[in-house]
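S.K.: What follows is a single structure, and I will ask about it in a moment.
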Amino acid sequence: MTTLKILWKEKQDMRRVQAAAANQALVELDGRAIADANSMRYNDLRDYVLLVFPELKAMQRDVFLYYTDDDDEQVRVTNDVELDEAFRLMEELARAAGKGVESAVCKITVLTRPRAQPIAEEEQSFLGNRQKKMMELFVDMSKLLDKWAEAPQHQELKKDLASLLHEPGCQEALLQIMSNPKFATVFESVAEEFRKGGNFSSSLTTIAQNGELEEIAGILLQKCPQARTQIERVMQQLYQHRSAQQLSVSDYFESITVEDTQQETGPILAVFEADVTCPDGTVLAPGMSFDKIWKIRNSGPTRWPEGSKLACVGGDKMQAPDSVVIPSVLPGSSIDVSIRMTAPSKSGRYTGYWRLCMPDGTRFGQRFWVDVNVMAAAAVPQQTSAVRVGAPAPVVRQQSGTSVSIPARAPVVTEQPKTLSDQVRWQTQLRALADMGFNDEAKNIPLLNQHDGDLAAAVSSLL
């Protein structure tokens, strides 16, 4: 059972509580359903922080939660996956120290964004009126989007726009963007043209020609990195009618610059997004080579330094290089990092830990790992097969002067023992191909045999 130590940094006020007790307090507060009393969800942790520190309720939009990792660095928590990683890491550290998981302690630090200085009453009135106007414009945009009778090819565009307009974090970001007179005219012109009978998507495309949406997309990426997928899809569709469609989405976003919001300095962060290949628990044959691919996102406000690398920081390296160089990635962007490894020759479970490092060796971001089970191929039972045996030689009485022909004994035909099936041999590569959308094993297995398991070569042949 994990213990929480929650520190409100600004007040130097700390609470110590077990996860089960914190969950029970929330149940008594509002009767909410808790799936697992011994673990916590992100929203439950946040609500408990507001419960024990009531002063934070007035500024809850400016409250941020961090945990302290094994390198004594503070890592921000924004969702259930990141909180689960915090608990998993603390339990692992407890085991490494020779203690049980019930002794694990997760240190949570609560930080708040500094509040702006009071402004003059006249300025407050002006900003209040402008904010009201922007809110009305936001409501108008939502209504116009709801009334848009989109063509079939624009259904996904409408869905993504609706998601951006109604997602809480994006709502705040869009309202801030609308407060800028430069961008307010963009939204006003779209609404006005649509009211006059214009096409919603063509209005947005026209504005994209002038570059305003490019800047808006850049700001949204910085303020709402969790909405990157929707933003990318929207920009893909809006730019399909101009020359920029020839660029990949990653190339397109590399060119975005936003002078008003760009931060030249700040924390360098990285978070794990997905296992592209070899998820935890993948079963491999001894000595089998495989490619481990992680999807990693730059979750901070700063571009990763040139010359950064992914380095092995512990556990089983499995014949991989000590490190691989990675490209400099913009804030909000994701990359796939691949490392060729070889499964050990002995059966067992093997785990290797990796982390991003700056050129000087300073580590940053979350820790990633590869977790595989090496198992010797199970003995394949030999199939019984028909054995052809010659009929017994007839008993012949030899007569004098008579020659007798005796048939030779028929050969015995046996079947050779079967080797490990190709489906088992290439199970990791077949799973990776299926994840990419190539599900025809009848086509995939011959290609893997042809290229001796080289996944990249097989994909190239399929394309």
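Throughout, read-outs are computed from the coordinates displayed, never taken from laboratory work. This structure is a prediction, so every number in the text was calculated from the model and none was measured. Cβ: placed from backbone, ideal geometry, glycine included. Neighbour counts: every protein chain shown.
S.K.: Provide the FRET efficiency to the nearest 0.05 for the Arg363-Glu172 pair, computing r from the beta carbons and using R0 = 22 Å.
M.R.: Numbers: r = 32 Å, r/R0 = 1.46.
Taking R0 as 22 Å, the efficiency between Arg363 and Glu172 is 0.10.
S.K.: Mind computing the radius of gyration and Dmax over the alpha-carbon atoms of the stretch 3-112? Å is fine for both.
M.R.: Reported Rg and Dmax, both Å: 13.5, 43.
S.K.: Moving on. Based on the Cβ-Cβ distance of Thr78 and Lys182, what FRET efficiency does E = 1/(1 + (r/R0)^6) give at R0 = 35 Å, to the nearest 0.05? Write out the running numbers ahead of the final one.
M.R.: Numbers: r = 29 Å, r/R0 = 0.84.
Once the sixth-power term is evaluated, E becomes 0.75.
S.K.: Once you have a ≥ b ≥ c as the square roots of the Cα gyration tensor eigenvalues for the stretch 341-380, tell me rounded if a/c is under 1.5, and otherwise prolate or oblate according to whether a/b is larger than b/c. Walk me through the numbers on the way to the answer.
M.R.: Values: a/c = 5.31, a/b = 3.55, b/c = 1.49.
The shape class here is prolate.
S.K.: What is the Cα coordinate range of the stretch 266-380 on the first, second and third principal axes, sorted by size from largest, in whole angstrom?
M.R.: Between the extreme Cα coordinates on each principal axis of the stretch 266-380 lie 56, 24, 17 Å.
S.K.: I would also like to ask the following. For Ala96 and Gln319, what is the calculated FRET efficiency with R₀ set at 30 Å and r taken between the beta-carbons, to the nearest 0.05? Before the final figure, lay out the partial values.
M.R.: On the way: r = 24 Å, r/R0 = 0.81.
Once the sixth-power term is evaluated, E becomes 0.80.
S.K.: Follow-up question, since we're still on this one. For a protection proxy built on the mean count of beta-carbon atoms within 10 angstrom, sort 16-24, 362-370 highest first, please.
M.R.: On the way: 16-24: 17.4, 362-370: 19.3.
The peptides rank, most packed first, as 362-370, 16-24.
S.K.: Here is a follow-up. Give the peptides 449-458, 422-431 in descending order of average Cβ contacts within 10 Å, highest first.
M.R.: Numbers: 449-458: 15.5, 422-431: 17.6.
Ranking, from highest mean packing down: 422-431, 449-458.
S.K.: Provide, in order from the shortest bin, the percent of all Cα-Cα pairs of the stretch 421-463 in each 10 Å bin, continuing until the bin that contains the maximum pair distance.
M.R.: Here the calculated profile for the stretch 421-463 is 33, 64, 3.
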